[in-house]
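These notes concern the structure reproduced below.
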Amino acid sequence: MCTQGARIRKARKNLQLSLQQLGQVLNVSKQYLSKIEKNERLLNNHKLSILISEYGINANYILVGKGNIFISTK
């Protein structure tokens, strides 16, 4: 089963961003973001909204694993 952290990592890798780069956008350390990706911490709603607005990431994909990684612009 794919976890929320694994889906965040997959999205980050698709964007070709390092932990450091995405951490700066989310205003968290790369260590904290790594813990989110390992499911040791949860992504809060504010950080999720940043992923959506900055990168067009699909909230349903992150939260429940449904749909595409990115919001369709069609």
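The values are calculated or read from the model by the stated rules, or taken from the named source; none is laboratory data. Source: prediction; values computed, not measured. Methodologically, a virtual Cβ is constructed for each residue, glycine included, from the backbone with ideal geometry; neighbour enumeration extends over all protein chains shown.
One table, with the values for the structure above:
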quantity: Matching residues, region 57-73, being farther than 19 Å from THR3 by Cβ and exposed (fewer than 14 other Cβ atoms within 10 Å of the Cβ); calculated: SER72, THR73
quantity: Within region 9-29, considering residues that are charged (D, E, K, R) and closer than 21 Å to ASN45 by Cβ, the one surrounded by the fewest Cβ atoms within 10 Å (Cβ to Cβ); calculated: LYS10
quantity: Tally, over region 49-61, of residues that are assigned to a helix (DSSP H, G or I) and on the phi > 0 side of the Ramachandran plot; calculated: 0
quantity: Which listed residue, of LYS66, LYS38, is of a type in the set (Lys, Arg) and farther than 13 Å from ARG9 by Cα; calculated: LYS66
quantity: Close pairs from region 62-73: first on the phi > 0 side of the Ramachandran plot and assigned to a loop (DSSP other than H, G, I, E, B), partner of a type in the set (Lys, Arg) and surrounded by 13 or more Cβ atoms within 10 Å (Cβ to Cβ), Cβ under 8 Å, at least 6 apart; calculated: GLY65/ARG7
quantity: Qualifying residue in region 1-8 (condition: loosely packed, with under 14 Cβ neighbours inside 10 Å, modelled with pLDDT of 95 or more and either within 9 Å of the chain's Cα centre (by Cα) or on the phi > 0 side of the Ramachandran plot (or both)); calculated: no
quantity: Scan of region 1-48 for residues that are farther than 18 Å from LEU63 by Cβ, in a helix (DSSP H, G or I) and of a type in the set (Gly, Ala, Ser), ordered by number; calculated: GLY23, SER34
quantity: Condition check for SER18: among the hydroxyl-bearing types (Ser, Thr, Tyr), without any contact (Cβ under 8 Å) to a residue 60 or more places away in the chain and in contact with an Asp or Glu (Cβ under 9 Å, 6 or more places away or on another chain); calculated: no
